[in-house]
Amino acid sequence: MASRRQAGAADPAGQRELLSAGDVARTVARIAHQIIEKTALDTADPGAAGVVLLGVPTRGAPLAGRLAARIAEFSGVTVDTGTLDITLYRDDLRKRPNRPLEPSSLPSGGIDDKLVVLVDDVLFSGRTVRAALDALRDQGRPRAVQLAVLVDRGHRELPIRADYVGKNVPTSRREEVAVRLSEIDGADSVVLRRSEEVR
Amino acid sequence: MRHLLTTEGLDAASATAVLDTADSLKQTLLGREVRKLPTLRGRTVMTMFYENSTRTRVSFEVAGKWMSADVINVSASASSVGKGESLRDTALTLSAAGADCVILRHPASGAAHRLAGWLDEAGTQVVNAGDGMHEHPTQALLDAATLRERLGDLGGRRIAVVGDLLHSRVARSNVHLLRTLGAEVVLVAPPTLVPQGIEHWGARVSHELDPELPGLDAVMLLRVQAERMHGGFFPSAREYSIAYGLNERRMAKLPEHAVVLHPGPMLRGMEIASAVADSPRAAITEQVRNGVHVRMAVLYHLLAGEEIAA
């Protein structure tokens, strides 16, 4: 059943736009500022050095790239970026059809003693982040790990929270949050829609 | 995938998915200190080898262990097989003891198919690690992975498979897979080592190696399987080597980019000259290395996805 609990421009297909292309750009810029502030990466403090942004494929990867570009623009500091595929670390592999693996690429300097910021598009159950933490553990020992997400939609199933959140969105489990990014989908937007598959 | 028994009938999409997964796994594990993924934790893989093997058994064992599966090796010589137990009973025992997947190497063609039929009901999956003179699908997959790495897309490439076609399961698996991936295959062997029905393989047969060499993108040499030969298939080892062995003179006739493959174990001086085997054109150690990643990919595609109703 339709559950349009929030007044918004819901179109006939039951979709509601949460972020426009302009909103996505502003949100990414804001998170970039927050990362600069929280990690103090533009100060001379030697302990603040060594920030690595790791995007979780698919859409975390371009987001990490965009954040790095904004951070360079605002602070003049170039941070390393990479991608971390977590498919092999998922705890629901046996519940779903087989999925293809995505590429992983870590910066050449590795992640030992770095401040790793995991970047993903949507924070939901927290299981992806748990898998990412396990994957990180096999890759090295970061000094600290933080989490940046474009959208936090709630419904956590694990004690995990994000350090940087673009937008908090109350959702129903019957809805899904679709993030579209120009690098992959041709245009930027975040849409809330009813899910065909009830979890 | 339910079982992996042959490359015949394996469609291009499934084969490419396995090869892509193998590439990703290779890249994921590259330069890592901890070569261990938790993906198949709690799954049990049993290898059942009724024939001698070093690389295939070790490769499957390493693949399973790197994916965190529990791997148990059963060799026919050290099991109840020696007491006269049938293949079916041994397999049902392994299945009842908790095998999620059985990897079978057997001297009888079709053994893996029979096993799959018996174990299907129990939900145990079967991988054919070589059945008699029939198929050896993971070898073909690792050969394709190695060729893709060296040559890129295999569409339109011309690959020769040279040697003992009659006794070779590697040849049959390779011909099916390479053709599925769009390559053209030329089979080169003396008339006595060509199996019946080869005209249905969809590959051109030639009895002379030299004229083929300049047009090849890769040449795959097969071991002369003396243990399966009960009769005179060629006058002498020396004569075979002169007519079909890949020596330095022949290697010079290959195009610059052409790759030399051998599934191993190789007989240096017989089908391949030592200098050729050790040259940078040969991808023989890469084949072994890729074998682990390909077998990891096969186990991933068989065991990691949604449980298929038995």
State the dimensionless ratio Rg/Rh of chain A (Rg: radius of gyration of Cα atoms; Rh: Kirkwood radius). 0.97
Could you go through the range B:150-159 in sequence order and give the Karplus-derived ³J(HN,Hα) for each residue, using 6.51 cos²θ - 1.76 cosθ + 1.60 with θ = phi - 60°, rounded to whole Hz, and x for Gly and Pro? 7, 10, x, 4, 8, x, x, 6, 10, 10
Please compute the length gained on full extension between residue B:13 and residue B:41, using 0.36 nm multiplied by the number of residues separating them and subtracting their Cα-Cα distance. 7.4 nm
Can you list residues whose amide H is under 5 Å from residue B:4's amide H, if they're 5+ apart or on another chain and H is modeled 1.01 Å from N? B:126, B:127, B:128
Taking 8 Å as the Cα distance limit and 6 or more residues as the minimum spacing, I'd like the relative contact order of chain B as a percentage. 21
Rounded FRET efficiency, nearest 0.05, which uses the C-beta distance separating residue B:27 from residue B:267 and R0 of 41 Å: 0.75
Partner shielding of A:131-139, as the mean number of partner chain Cβ atoms within 10 Å, equals 2
Average other protein chain Cβ within 10 Å of Cβ, residues A:94-106: 5
The range B:205-217 - phi-based ³J(HN,Hα) in whole Hz, Karplus 6.51/-1.76/1.60, Gly and Pro as x: 10, 10, 9, 10, 7, 3, x, 7, 3, x, x, 9, 9
Long-range share for the protein assembly as shown, i.e. C-alpha pairs more than 38 Å apart as a percent of all pairs, stands at 40
Among B:262, B:293, B:200, which one shows the biggest mean-square fluctuation in a GNM of chain B, springs joining Cα atoms closer than 10 Å? B:200
Pseudo-spin-label distance residue B:253 to residue A:173, built 7 Å along Cα→Cβ, given in nm, is 7.0
Peptide ranges B:87-93, A:54-60 listed from the most packed, as the mean C-beta count within 10 angstrom indicates: A:54-60, B:87-93
Normalising by the residue count of the range B:67-129, find the relative contact order in percent from Cα pairs under 8 Å and 6+ residues apart. 31
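With the Cα gyration tensor of the range A:32-95 in hand, give its eigenvalues times 5 under a square root as the equivalent ellipsoid semi-axes, listed largest first in whole angstrom.
On the way: eigenvalues 159, 31, 14 Å².
Working from the Cα gyration tensor, I get semi-axes of 28, 13, 9 Å.
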Identify the residues of the range B:224-257 with backbone N under 20 Å of a label point that sits 7 angstrom from the Cα of residue B:150 along the Cα-to-Cβ direction, or state none. B:224, B:244-257
Between residue B:227 and residue A:15, what is the spin-label point distance in nm, taking each point 7 Å from the Cα along the Cα→C-beta axis? 6.2
On a straight-distance basis, which lysines could pair with residue A:38 in a cross-link, Cα separation under 20 angstrom, same-chain partners fewer than 8 positions away excluded? A:114, A:167
If you take every DSSP beta bridge fully contained in the protein assembly as shown, what fraction is antiparallel? Give it as a percent rounded to 5. 15
Of all DSSP beta bridges having both residues in chain B, the percent classed as antiparallel (nearest 5) is 5
A correct Karplus calculation of ³J(HN,Hα) over the range A:62-69, with 6.51 cos²θ - 1.76 cosθ + 1.60, θ = phi - 60°, whole Hz and x for Gly and Pro, returns x, 4, 4, x, 5, 4, 4, 5
Which residues qualify? For residue A:123, with a placed amide H closer than 5 Å and at least 5 residues away or on another chain, they are A:151, A:152, A:153
The answer for residue A:18, listing residues at least 5 apart or on another chain whose modeled amide H is closer than 5 Å to its amide H, is A:190, A:191, A:192
For the range A:53-163, what is the percent of antiparallel DSSP beta bridges, rounded to the nearest 5? 5
The Cα extents of the range A:62-145 along the principal axes, largest first and rounded to whole Å, are 45, 24, 22
Filtering trypsin sites (Lys or Arg not before Pro) in the range A:64-149 by DSSP loop and by at most 15 other Cβ atoms within 10 Å leaves A:143
Per the C-alpha gyration tensor (a ≥ b ≥ c, the square roots of its eigenvalues), the range B:1-68 is rounded if a/c is under 1.5, else prolate if a/b beats b/c, else oblate; here it's oblate
Along the principal axes of its C-alpha atoms, what lengths does the range B:155-310 span, in descending order and rounded to whole Å? 54, 35, 29
Computed FRET value (nearest 0.05) for residue B:275 with residue B:200, which takes r as the C-beta separation and R₀ as 35 Å: 0.40
Please give, to one decimal in nm, the separation of the simple spin-label points placed at residue B:208 and residue B:286, each 7 Å out from Cα toward the Cβ. 3.1
In terms of Cα to Cα distance under 20 Å, which aspartates and glutamates are near enough to residue B:26, apart from those fewer than 8 places away along the same chain? A:85, A:102, A:134, A:138, B:61, B:143, B:149, B:153, B:286
Quick one: grab Rg to one decimal and Dmax as a whole number for chain B, Cα atoms only, in Å. 19.2, 56
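Across the range B:87-169, how large is the tail of the calculated P(r) beyond 22 Å, expressed as a percent of all Cα pairs?
Details: 1387 of 3403 pairs.
I get 41 percent for the Cα pairs in the range B:87-169 exceeding 22 Å.
Readers should treat all values here as calculations from the given coordinates under stated rules, not as data from a laboratory. Since this is a predicted model, take the numbers as computed values, not measurements. Methodologically, a virtual Cβ is constructed for each residue, glycine included, from the backbone with ideal geometry; neighbour enumeration extends over all protein chains shown.
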